[in-house]
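Novice: Structure incoming, see below.
The values are calculated or read from the model by the stated rules, or taken from the named source; none is laboratory data. Quick caveat: nothing in here was measured; it's all calculated off a predicted structure. Positions of Cβ are generated from backbone atoms using ideal geometry, with glycine treated the same way; all protein chains shown enter the neighbour counts.
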Amino acid sequence: MSANLTALAYLIASVLFVMALRGLSSPESARSGNIYGMIGMAIAVVATVINPDVVSYEWILGAMVVGGAIGAIIARRIAMTDMPQLVAAFHSLVGLAAVLVAAAAFYNPGAYDIAGDDGLLKLASRIEMGIGVVIGAITFSGSIIAFGKLQGVVTGNPIVFPGQHALNSAIGAAIIILVVLFTIEPAAEWFWAMTVLAFVLGLLLIIPIGGADMPVIVSMLNSYSGWAAAGIGFTLENTALIITGALVGSSGAILSYIMCKAMNRSFISVLLGGFGGDAVAAGTNSDKPVKAGSADDAAYIMKNASSVIIVPGYGLAVAQAQHSVRDMGNLLKEHGVKVTYAIHPVAGRMPGHMNVLLAEANVSYDEVFELEEINSDFANTDVAFVIGANDVTNPAAHEPNSPIAGMPILDVDRARTCLFVKRSLSPGYAGIDNELFYADNTMMLFADAKKMIDDIVKAL
């Protein structure tokens, strides 16, 4: 394939990637968006593989077979509840790939046509490589920690120590100096020194982040992985990699900004990993009385209501109760009840987690509303049915000294009755107690979400 045909193929792939992002912006067009993305990636891969500059196919084809097999197995076996961990793990692989490609290009610049007359890296390539490898290394190690927190291997509580911010600042300054030194003289010691320090910085940026902030972290790391790919794309002078990385990086940054607004976080603090460390876990008010009910109680209350707003949270994902919720909603509608679904932007462990689960259960998109669209409806709603959505419904967000102060929440406490499905009175991922459990208009339904909802379905 000639250089012109390769460039044309990359252009077509890039257009398809843009169409993919456009499609993914809406649940109705998400499936077609995924198809556009897959076709675009297939075109980009084929164009790269058949490029005349490729002189050996053994390793390439072997890697494609192994990687494709691993991807297919994961896609068939992964549960929706584990999707946040999977996304974090994939982000780490993107970062690691950026580092490995940069290392290959550093030791053999001639093979990538980025060597100057002296045989060393071109000046522009040095700058691009330095930035790309640093972002890639931060993305890799940070994503590993994010994966560990989501998987429960690493504690979800913030890990802090004295002088943490000062240490991060010192390491950041050292990395900048090393990038400058690498630009002046592309020596191996500068390359690996800035890579190792970036690995360390990635760890230090993510460990102080509490579990409640994981949706923002997943989005931020998505952005980082895109910029890492774009940086290496500039180094290799690969237009497809540049465009794809820029699309992922910019869309991830926009999504991170939206997530920050949804959690009342500073966007700059997120980028620097400087938030979440002040959250202090609080115990439950176990001595306070709660009103506990049964599936029969919940079924009676809801089928005699005029309107019910269902609020899915991580409890829905853990129990894989999305299909049971759909069945419950359909039965309530048969009783003449108006049923809608309220989604908080950071419910679950990644952006859009609840939307995906409801879409998987074939819940009508017309019944699903975001926080801004439905929050005012709670005051005129008979029943708010909450499924493990702890932090995003916690009235403590209205208290100035709370770790989640200022975070926009779903105002389920304003409904005439709040039915809250939860295994226990344990705090949410933010580590703070939820006063909603003890409110006069709240009935706690202590059980596994799927079992409780299945019992409600039987009672209806």
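Novice: Anything in the stretch 399-434 that is free of Cβ contacts under 8 Å to residues at least 60 places away in the same chain and acidic (Asp, Glu)? List them, or say none.
Specialist: Hits for the stretch 399-434 are Glu399, Asp411, Asp413.
Novice: Against the conditions (1) surrounded by 18 or more Cβ atoms within 10 Å (Cβ to Cβ); (2) at negative phi; (3) touching a strand residue (DSSP E or B) at 6+ places or on another chain (Cβ under 9 Å), where does Val346 fall short? Just the number, please.
Specialist: In the conditions (1) surrounded by 18 or more Cβ atoms within 10 Å (Cβ to Cβ); (2) at negative phi; (3) touching a strand residue (DSSP E or B) at 6+ places or on another chain (Cβ under 9 Å), Val346 misses (3) alone.
Novice: Return only the number of the condition from (1) under 26 Å from Tyr300 (Cβ atoms); (2) within 25 Å of the chain's Cα centre (by Cα); (3) charged (D, E, K, R) that Asp391 does not satisfy.
Specialist: (1)
Novice: Restricting to the stretch 4-31, and then to whatever is more than 21 Å from the chain's Cα centre (by Cα) and among the small types (Gly, Ala, Ser), can you tell me which residue is surrounded by the fewest Cβ atoms within 10 Å (Cβ to Cβ)?
Specialist: Ala7
Novice: Taking the condition part of a helix (DSSP H, G or I), out of contact with any Lys or Arg (no Cβ under 6 Å at 6 or more places or on another chain), within 30 Å of His344 (Cβ to Cβ) and among the small types (Gly, Ala, Ser), does Gly202 pass?
Specialist: yes
Yes or no, residue by residue, for (1) in contact (Cβ under 8 Å) with a residue 24 or more places away in the chain; (2) more than 23 Å from Asn238 (Cα to Cα); (3) surrounded by 13 or more Cβ atoms within 10 Å (Cβ to Cβ):
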{"position": "Gly68", "(1), (2), (3)": "no, no, no"}
{"position": "Met83", "(1), (2), (3)": "yes, yes, yes"}
{"position": "Gly95", "(1), (2), (3)": "yes, no, yes"}
{"position": "Val99", "(1), (2), (3)": "yes, no, yes"}
{"position": "Ala105", "(1), (2), (3)": "yes, no, yes"}
{"position": "Asp113", "(1), (2), (3)": "yes, no, no"}
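Novice: Additional query: Tell me which residues, restricted to the stretch 19-44, are of a type in the set (Val, Ile, Thr) and in contact with a Gly (Cβ under 9 Å, 6 or more places away or on another chain).
Specialist: Of everything in the stretch 19-44, just one residue is of a type in the set (Val, Ile, Thr) and in contact with a Gly (Cβ under 9 Å, 6 or more places away or on another chain), namely Ile35.
Novice: Here's a follow-up. Quick one: Pro208 ticks every box in (1) assigned to a helix (DSSP H, G or I); (2) modelled with pLDDT under 85 except a single one, so which number is it?
Specialist: So Pro208 meets the others, but not (1).
Novice: Mind counting the residues in the stretch 27-83 that are over 30 Å from Ala321 (Cα atoms) and hydroxyl-bearing (Ser, Thr, Tyr)? Show your work before the answer.
Specialist: From the stretch 27-83, those over 30 Å from Ala321 (Cα atoms) are 36, 39-68; that's our starting set.
Filter once more, so that each one left must be hydroxyl-bearing (Ser, Thr, Tyr): 36, 48, 56-57.
So the answer is 4.
Novice: Check the stretch 27-48 and report whether any residue there is in contact with a strand residue (DSSP E or B) (Cβ under 8 Å, 6 or more places away or on another chain), part of a helix (DSSP H, G or I) and either assigned by TED's automatic domain parsing to the domain that holds Leu358 or over 24 Å from Leu236 (Cβ atoms) (or both).
Specialist: Yes, because at least one residue in the stretch 27-48 is in contact with a strand residue (DSSP E or B) (Cβ under 8 Å, 6 or more places away or on another chain), part of a helix (DSSP H, G or I) and either assigned by TED's automatic domain parsing to the domain that holds Leu358 or over 24 Å from Leu236 (Cβ atoms) (or both).
Okay, residues lined up against (1) over 22 Å from Asn390 (Cβ atoms); (2) of a type in the set (Gly, Ala, Ser):
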{"residue": "Asn304", "(1), (2)": "yes, no"}
{"residue": "Val308", "(1), (2)": "no, no"}
{"residue": "Tyr314", "(1), (2)": "no, no"}
{"residue": "Ala317", "(1), (2)": "no, yes"}
{"residue": "Asn330", "(1), (2)": "yes, no"}
{"residue": "Gly336", "(1), (2)": "yes, yes"}
{"residue": "His344", "(1), (2)": "no, no"}
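Novice: So, of the residues in the stretch 116-155 that are touching a residue at least 40 places away in the same chain (Cβ under 8 Å) and of a type in the set (D, E, K, R), which turns out to be surrounded by the most Cβ atoms within 10 Å (Cβ to Cβ)?
Specialist: It comes out as Lys149.
Novice: To continue, here is another question. Mind listing whichever residues of the stretch 362-387 are within 18 Å of Ile456 (Cα to Cα) and in contact with a Pro (Cβ under 8 Å, 6 or more places away or on another chain)?
Specialist: Hit for the stretch 362-387 is Ile387, nothing else.
Novice: To continue, here is another question. Looking at the stretch 1-26 only, could you name the residues that are assigned to a helix (DSSP H, G or I) and among the small types (Gly, Ala, Ser)?
Specialist: Ala3, Ala7, Ala9, Ala13, Ser14, Ala20, Gly23
Novice: Return the only residue of Ala347, Ala430, Ala405, Ala379 being modelled with pLDDT of 85 or more and small (Gly, Ala, Ser).
Specialist: Ala379
Novice: Name the residue that is farthest from Phe420 (Cα to Cα), counting only residues in the stretch 278-316 that are at pLDDT below 85 and either touching a Cys at 6+ places or on another chain (Cβ under 9 Å) or surrounded by 17 or more Cβ atoms within 10 Å (Cβ to Cβ) (or both).
Specialist: Ala279
Novice: Could you check how many residues of the stretch 283-316 are part of a helix (DSSP H, G or I) and more than 18 Å from Asp454 (Cβ to Cβ)?
Specialist: The number of residues fulfilling the criteria is 1.
Novice: Considering each residue of the stretch 317-343, count those that are surrounded by fewer than 21 Cβ atoms within 10 Å (Cβ to Cβ), touching a strand residue (DSSP E or B) at 6+ places or on another chain (Cβ under 9 Å) and outside any loop (DSSP other than H, G, I, E, B), and give that number.
Specialist: 4
Novice: Can you tell me which residue in the stretch 219-243 is surrounded by the most Cβ atoms within 10 Å (Cβ to Cβ), limited to those that are more than 22 Å from Met83 (Cα to Cα) and among the hydroxyl-bearing types (Ser, Thr, Tyr)?
Specialist: Among those residues, the one meeting the criterion is Thr235.
Novice: Out of (1) part of a helix (DSSP H, G or I); (2) farther than 22 Å from Thr195 by Cβ, the odd one out for Asp117 is which?
Specialist: (1)
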